[in-house]
1. Filter the range 262-293 down to the residues that are part of a loop (DSSP other than H, G, I, E, B) and within 25 Å of THR358 (Cβ to Cβ), then identify the one that is modelled with the lowest pLDDT.
2. Restricting to the range 302-333, give me the number of residues that are at pLDDT below 80 and of a type outside the set (Phe, Trp, Tyr).
3. Exactly one of these conditions fails for LEU555: (1) modelled with pLDDT under 75; (2) in contact with a Ser or Thr (Cβ under 8 Å, 6 or more places away or on another chain). Give me its number.
4. List pairs: first in the range 200-220 and surrounded by fewer than 24 Cβ atoms within 10 Å (Cβ to Cβ), second basic (Lys, Arg), Cβ under 8 Å, 6+ apart or cross-chain?
5. Answer yes or no as to whether THR168 is touching a residue at least 12 places away in the same chain (Cβ under 8 Å) and either among the aromatic types (Phe, Trp, Tyr) or under 22 Å from PHE245 (Cα atoms) (or both).
6. If you scan the range 221-230, which residues turn out to be assigned to a helix (DSSP H, G or I) and either surrounded by 13 or more Cβ atoms within 10 Å (Cβ to Cβ) or touching a Cys at 6+ places or on another chain (Cβ under 8 Å) (or both)?
7. Could you tell me which of the residues GLU490, GLU475 is without any contact (Cβ under 8 Å) to a residue 60 or more places away in the chain and farther than 21 Å from PHE455 by Cβ?
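The values are calculated or read from the model by the stated rules, or taken from the named source; none is laboratory data. Since we're looking at a predicted model, the values are computed, not measured. Virtual Cβ from ideal backbone geometry, glycine too; neighbours counted across all protein chains shown.
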Amino acid sequence: MAILLGPGEPGAEAGNVETCKQSYMFTRKRRPRLRVHVERARPWSLGDWPHEPAMPVAPAGDDASFPLALGRTAETAARVYSGASVDGIDTDDDAGAVLTPDHTSALGQSISPGSLSTFAYATDELCSRELFMAIIHDYIERVYPLCPVVHLPSFRRSLASNQDVRDTEQMLLLVALFTLTIGVLRSRIEDYRAMDPEAAARFPTRTSIITYASQMCLRVRPPDYWDEISHRKWAISYTLASASFEVGRMNQYRMFDSEAMQLARLLGFHLHATEYHGLNCIETQLRKKAFWLQFFSFAHSKVQPGRRRFHVTYLDNYVLRDVDFAALEPLDTPDENITENAVCPLAPDGTGPFTSVTAFIVNTRVFLEALRDSLFNAGCDCGYGRTNEEKLARLKALFQRYKYSLDALPSHMTQWGPSSIYDSGPSTPANSISRAQAETTRANIHITHLWLQSFVLDQTDGIVQAMDAAGGGDEAWAAHQLASSWAEREDICRQLLHVLHNVDGVHLEPNGNSLTYKIRGVATSLLNCPSLLGESVSQRAAGYVREFTKVLAFLDLSEVMNTDGVDTWIDKDRKLGDGRPSAAGADAASAASFSATSVP
C-alpha cells in the first residue's frame, strides 16, 4: 500500500540557491491549483476478503535514518516555527513547490537540508495542503468517534483560520492526527495517492509516511517543549503512539505511549473531578475523555498475554482503588453543546439522542465492568476472595451479569441492528456521516463486549484447571465445568462472526488493529478445545478458526510483522558468547514464530 510525497526536481543542487531557483523555473511548468474531490469508499463485505491470509512483508531498509533538519529556507523556517505570522510568504504555485533530491528509501524520501524548499505551511513537507486537509476531515468524520482528542467546534475554527501556521503545538497535533488517520483508513490510501502523486512517489507505504511524520514531530519540538504541558501535548503523543501501533512499529509505539502515560499522570486525568478546578468546561470534558482513552490502553497492557511483562503501567493497584470512575465519565452531550463557560443541559427526561459520545460512554462501562476485579487485584488477593472457590463463584456471577449488560441499547445499536434501519430518514451528507459513525461505534461496542466475555471465561477455566490439578477434587466436576464454558465460547464465536458479517468493512476499518487483537483473542481461545467433547465439536472449532483467519487476513493493518508482546529491541551493550549484540530475551526467529500464534 503506498502513500505519499513527490520525486526530486532537476537543478536542486545543494548550496546554490539562485541556480536551483532558475533551473526549477525553466524545467517545470506552472501547475494549476489542485482541486480535491473526495470519493466515498465503496462498502465492502466478507465477499471481498481473500480466501488465503496474506502475510505482511517488512519493507527493506526499515532502520533508515531521517534528516535532522527541515528542508526549507532559513527565513521560512524561522517564521513558521517561531510562531510568528507568515503573512507575506510567497504562496505562488511555483514558489510554493517542493524541491527534493532524487533518491529512494523504504521509509520515504527525505528533504535534504541543502536543497531549496519554500513552504507556505509546515505541513507541506508531508504533502499538499489540499490533501492534508482532506485527511484531517476524514479524521473528523470517521476516526473522531473512537479517538475524541479534540473539541470539534474549536478544532474546526482552528482549521478554518490556519492556526497551525502560527502555533507550532497545533501543527504538531494536526500532523499526529494525520498519521493516525492514515494508519487506520487503509481503504482511502489509493484516493489519497491520486490526490497528490508527488506525495505518493516519496512515501510508498503507510509505514513510511507515519514514520517520517513522527520524526518530523520530534525534531520540530523546541528545547523547552516539556517545560509547559497540556492536554494537547498528551493528544500528540497518544495519537503518534496509536499510529505507530497501527502499522506494527511496536518499539516506536512503546516510546510514544510512555510519553502519553507520563503526561496523563502529570496532568492528573485520573484524579477526582473535584481536582479539575481551574479548567474550563471544554478542557474538563477533553481530560475526562483522555482518561478513558489512556485507561483503555492500560487495560490492554494488563490483560493481553505478552504485554504485561514489558509494558510500563499507567496506574498501579493503589491508585486504581482511589479512582472515582463514575465522576470521570464525560457528559453525554455533543461537543457543539459545550463552550468554555457553560454546558447545554441534557434532556430532562434522559431521552436524548444516542450520539457518538453516548457510544463512547457505553464502551467505558463495558470495559470497566469486565476488568474491574482483574485490574484492581492483579498480584493481590485483598478483597477478592482468598480461595479458588470464592474466585470462581465471583467470576461466574460476573459472566452471567455481564453477558446481558447491553440489552438496553437502542435497536439500531444492537448486534443485529441492520444498516437498513436508517433508510427511512432523509439522505443528507450530515445523516450519512452520523450513520457511518453509529455503525463504527456499534462494531466497537459489541466486539469489545464479546472479547471481554471470552476473557472472563479464560479466567474461569484457569481456576477450574488449577483446582483440578491441585488434586482432591472431582474430575467429573472439572470436566463438566469446562464443557459448560466451551458451550459459552461457541456462542460467543457465533455472535462475533454475526457482527463481523453484519457491519460493512468500511465501518469496521476505523477501529484499527485493536479490533483485530480482540478478534484474535476470541479465535485463539478455540485452540484449547477439550478433547473429551467429541469430533463434531472439534470440527466446529476448526471451522470457526478458518472463518476468523479470513477476517484477520483482511483487517490486520500492519505493514510489518506485528511483534507486540515480544522482545524485538536490541541491547547493544549486552554481548552473547560470540560477541554479537543480544536481543532482550528473544531473537528475531523466536519473535517471528511467537507473533504468528500469540494471543493479542
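1. Restricting attention to the range 262-293, the residues satisfying the condition of being part of a loop (DSSP other than H, G, I, E, B) are 268-272, 277-280.
Add one more test, that the residue is within 25 Å of THR358 (Cβ to Cβ), and what stays is 269-272, 279-280.
Values: PHE269: 94, HIS270: 93, LEU271: 91, HIS272: 84, LEU279: 94, ASN280: 95.
Looking at residues that are part of a loop (DSSP other than H, G, I, E, B) and within 25 Å of THR358 (Cβ to Cβ), I get HIS272.
2. Qualifying residue count, the range 302-333: 13.
3. For LEU555, the failing item is (1).
4. These pairs meet every condition: ALA200/ARG193.
5. Details: touching a residue at least 12 places away in the same chain (Cβ under 8 Å): yes; either among the aromatic types (Phe, Trp, Tyr) or under 22 Å from PHE245 (Cα atoms) (or both): no.
Taking the combined requirement at face value, the residue does not satisfy it.
6. Filtering the range 221-230 for residues assigned to a helix (DSSP H, G or I) gives 225-227.
Those that are assigned to a helix (DSSP H, G or I) and either surrounded by 13 or more Cβ atoms within 10 Å (Cβ to Cβ) or touching a Cys at 6+ places or on another chain (Cβ under 8 Å) (or both): TYR225, TRP226.
7. Numbers: GLU490 fails: farther than 21 Å from PHE455 by Cβ.
On inspection, the qualifying residue turns out to be GLU475.
For (1) assigned to a helix (DSSP H, G or I); (2) under 20 Å from ASP335 (Cβ atoms), each residue gets a yes or a no:
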| site | (1), (2) |
| --- | --- |
| LEU131 | yes, no |
| ILE136 | yes, yes |
| ILE140 | yes, yes |
| LEU146 | no, yes |
| VAL149 | no, yes |
| PHE155 | yes, yes |
| LEU159 | yes, yes |
